[in-house]
Structures are given as structure tokens and as C-alpha cells.
């Protein structure tokens, strides 16, 4: 049985953990999509895995302060998320890429990222340089002055990644960030993730376990709103065997843990 990652193995910041949840419950409509979740995450790249309906997007949205917890405790960057929390100040320190995001089609890439930087209340003098840097980091320097409506789906996704990191966030939340990226772009994105994870807490929700294996320092696996497993990619791989479903060792570990959890309530 794979070991669980202890709190000591996921480095906290000077003020504690970037993410700390205890008994967290979050509703999606009438359904309790996150159900009694206990989680601590610090600096590094953390992969969030689980089948459709596991609660991954609801968790990401609650961490992005889009959804309020129904009950339980949630602290982000040392601040308790409650009735009097200054969400505006907290959001300046976050980066968030949802599965689908809106934009003005007539904006250029540069204008779009500048607009998000302005919404994040970055100092006006810092915005031009920061925007140029992130556009280059996501490989859109040659399309910076093209309108968003002219971009391919993968390019729009890269523009979304650029807006999420323009403020050098301490906590970066990415929901299916590699959708629409071709294989070469996914490889470049993994490199970017590893760079970002040296300074920030990065949580990446994805269905692509290969990205988790290549870029993440640890893995969080959810099912039906509950935590099934937290450990390293190597631990996840070790959980599977040749008889389990999957095309790679880490996929077989993923399917084995889900099967064990659903059979007996524990991975």
C-alpha cells in the first residue's frame, strides 16, 4: 500500500501552509461536491487527479475564492476564509485559470493580459514589463498584438496561463491547463510548471496523469468529493500492478487506488 505524504514533506511557508483545509465542505448546486476534505499544501507543484464528478473543479473554485465553503475550515496564504476576510487583498496574491474563461474577442493578447493585471491591482508602472515577460514565457511573443478572436484554441489557453501568472502569484490554481495544447507545448508547459513550483504553491487539476508524473512533486487523488490518496508520483505508480487498468505504470496505480477505495472506502 502506498504511503501518504506527511505534513513535514510538503514545505510550508514562513506563515504556514499556502493551502490548509480541515473538514472542508463545498456545495456545487445542491450537491456536496467537496465532502469533509483535509488537505495541506505548501511550495511545489501538486497534481489534482480524479474522475469526472470527483469535485476537482469545485475544490479549485473554492480555493480561488469563487465559491464559499459550506462549512469546515479553509486557510489560504495564512488567511482564514470567513465572513470578514478581505478577499480583494487575497486575490491580488492568487493566480487562477478556470476550465473556461471569458475575454473580449477584440482585445489583443497584450491588452487581455494587461486588463487582468489591472484587475489584480498591479502597480501601473509594473504592468507593461510583467505582461511582456509572461507572454514570452507562454510562447506568444509573436502573437502579442493579434486579437484574441484570431487565436487557435491552444493559443487562447496559453493566453489564459499568461494572465494567471502575470502577478507572480504565491498560490497558482490551474484547472485543466493543457487542454488544446499540442505535445510540444505540453512539454514546454511542464518546464514552466517546474519553474513556478520552486517559489509558489501550484495546484494543477488534470486528467492527464503523464503531466502529473513529469511535473508534479506530489499528487492529490479525489473521488466523490473525498480525499482518496496523497503521495508522490512514485507512490502512485507503486500502487498499481500488471493486472490493473492503464497504459502506463502511473495510470495503473491511479486506477488501482480508485478501485480499492470504491471497494472498501480506503485506498
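The values are calculated or read from the model by the stated rules, or taken from the named source; none is laboratory data. Everything quoted here is computed from the prediction, not taken from an experiment. Methodologically, a virtual Cβ is constructed for each residue, glycine included, from the backbone with ideal geometry; neighbour enumeration extends over all protein chains shown.
Some notes on this structure:
- Check on residue 192, assigned by TED's automatic domain parsing to the domain that holds residue 27 and modelled with pLDDT under 95: yes
- Members of segment 78-127 found to be part of a loop (DSSP other than H, G, I, E, B) and touching a helix residue (DSSP H, G or I) at 6+ places or on another chain (Cβ under 6 Å), listed by number: 101, 103, 105, 107
- Segment 153-185: number of residues that are closer than 19 Å to residue 47 by Cα and surrounded by fewer than 18 Cβ atoms within 10 Å (Cβ to Cβ): 4
- Matching residues in segment 16-52 - criterion: being out of contact with any strand residue (DSSP E or B) (no Cβ under 8 Å at 6 or more places or on another chain) and in a loop (DSSP other than H, G, I, E, B): 29, 30, 52
- Among helices (runs of 4 or more DSSP H) entirely within segment 172-264, having at least 3 residues that are under 30 Å from residue 151 (Cα atoms) and without any contact (Cβ under 8 Å) to a residue 12 or more places away in the chain singles out 183-196.
- Neighbours by Cβ (under 9 Å, 6+ apart or cross-chain): first from segment 66-94, on the phi > 0 side of the Ramachandran plot and surrounded by 15 or more Cβ atoms within 10 Å (Cβ to Cβ); second modelled with pLDDT of 95 or more and in a loop (DSSP other than H, G, I, E, B): 77/18; 77/93; 77/170; 78/18
- Residues of segment 58-77 that are assigned to a loop (DSSP other than H, G, I, E, B) and either over 19 Å from the mean Cα position of the chain (by Cα) or closer than 17 Å to residue 172 by Cβ (or both): 64, 65, 66, 70, 77.
- Number of positions in segment 28-41 that are buried (at least 18 other Cβ atoms within 10 Å of the Cβ) and touching a helix residue (DSSP H, G or I) at 6+ places or on another chain (Cβ under 9 Å): 5
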